[in-house]
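We did not get these values from a lab; they are worked out from the coordinates using the rules stated. Quick caveat, the model's predicted, so the values are computed rather than measured. Cβ placement follows ideal geometry from the backbone for every residue including glycine, while neighbour counts extend to all protein chains displayed.
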Ligand code: NI
């Protein structure tokens, strides 16, 4: 297991469409382990594989660690099969956008289907912060980012700040 370097916007890997995992090998298990370790090390509540440079359909989420009891959810090839009409707003951040936090509106409840690390198909419902975190992480697998859910004006301000940050980092 290793804490991996995070890909920061505007790294182009964050806009890639990730491929399905066909064979849940040892290498896939080590990506799952690295993702979880990197998420906890950076105090995130979720992390998607492209954020550590792996363009495969894997995410980890843990929205309960702040209470001191980690409850890790590992998902391979996750899909949302149903979303509620009712929406809710949460202030979202993203480990690929350090320092940015913005209100995003998303469906309040979702049903998901995925595979676990044994390859078994699991299906479950989520609501509240967990539903938001899962939708945010699944978006990453299609190269979609939380800023895409904001107004064009807000998005362009964030993009400008992030590009400036990247320029300063390479200086
Ligand atoms: Ni994110």
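Along Cα→Cβ, 7 Å out, is where each label goes; now give me the distance between the ones at residue 144 and residue 167 in nm to one decimal.
Going from the residue 144 label point to the residue 167 one covers 3.1 nm.
Mind sorting 124, 97 by how few other Cβ atoms lie within 10 Å of their own Cβ, fewest first?
Fewest to most other Cβ atoms nearby, the residues stand as 124, 97.
Spin-label point model (7 Å from Cα, Cβ direction): what's the residue 37 to residue 154 distance in nm?
3.6
Most mobile of 24, 76, 52 per a Gaussian network model of the chain (Cα springs, under 10 Å)?
Among 24, 76, 52, the largest GNM mean-square fluctuation belongs to 24.
So what's the back-of-envelope 222 nm ellipticity for the chain, counting only DSSP H runs of four-plus at -39500 (n - 2.57) apiece and dividing by all residues, rounded to 500? If you can, show how the numbers build up before the last one.
Values: 3 runs with 49 residues, N = 171.
-9500 deg cm²/dmol, from helical runs alone.
Can you tell me how much longer the chain between residue 19 and residue 117 gets when fully stretched, taken as 0.36 nm per residue apart minus their C-alpha distance, in nm with one decimal? Intermediate values should be presented prior to the final figure.
Numbers: separation 98, 0.36 × 98 = 35.28 nm, distance 1.68 nm.
33.6 nm is the gain from fully extending residue 19 to residue 117.
What translational diffusion coefficient, to the nearest whole µm²/s, does the chain have by Stokes-Einstein, given a Kirkwood radius computed over alpha-carbon pairs, a temperature of 25 °C and 0.890 mPa s viscosity? Write out the running numbers ahead of the final one.
Working: Rh = 16.4 Å.
Calculated translational D: 150 µm²/s.
In whole angstrom, how far apart do the alpha carbon centroids of region 108-127 and region 20-42 sit?
17
Calculate the spin-label point distance for residue 72 paired with residue 29, positioning each point 7 Å from the Cα along the beta-carbon direction, and give it in nanometres.
It is 1.2 nm.
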